[in-house]
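Working notes, beginning with the structure itself.
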């Protein structure tokens, strides 16, 4: 499973905020980002949960909720596509909102696009359709019509 730290590492590299000589993402410059990451991720987890193949609808009338995180070592209850291809863009956008609004907007827009693509890319299962209307949609003498 992917951890919060894994998403953070990708986001920091997208922002080009890693250490230039070692590539490390946990530096004095990124400490503030790391402190904000769990709560910022929690703000979008329910939104991305609907696009994950780990999504399970709850009981009728109840909104399904994704498991929240509290530490960088916590595992995310989401599929790999969401964790590595969607969440890092959202996190980068949220981290840069005050610091660089233009870059934050780019990351947020990419997040929304990737999320939409992920939601439409989940394979669906096609089941049998029961004909409850007798073959012609319940239209009397419908078999004599041209459609």
Do you know which residues across the stretch 18-53 are outside any helix (DSSP H, G or I), in contact with a helix residue (DSSP H, G or I) (Cβ under 7 Å, 6 or more places away or on another chain), touching a residue at least 12 places away in the same chain (Cβ under 8 Å) and surrounded by fewer than 17 Cβ atoms within 10 Å (Cβ to Cβ)? 50
Checked against (1) under 21 Å from residue 119 (Cβ atoms); (2) touching a residue at least 24 places away in the same chain (Cβ under 8 Å); (3) out of contact with any strand residue (DSSP E or B) (no Cβ under 8 Å at 6 or more places or on another chain), residue 56 satisfies every condition except (2)
Within the stretch 59-78, can you find the residues that are over 15 Å from the mean Cα position of the chain (by Cα) and free of Cβ contacts under 8 Å to residues at least 60 places away in the same chain? 59, 60, 61, 62, 63, 70
Could you check the stretch 73-91 and list, in sequence order, the residues that are crowded, with 18+ Cβ neighbours inside 10 Å and either closer than 15 Å to residue 5 by Cβ or touching a strand residue (DSSP E or B) at 6+ places or on another chain (Cβ under 6 Å) (or both)? 76, 78, 83, 87, 88, 91
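Since every read-out is calculated from the coordinates, none of them should be taken as a lab result. Owing to the predicted nature of the structure, the values given are computational and were not obtained by experimental measurement. Neighbour counts are summed over all protein chains in view; Cβ atoms, including those assigned to glycine, are modelled from backbone coordinates with ideal geometry.
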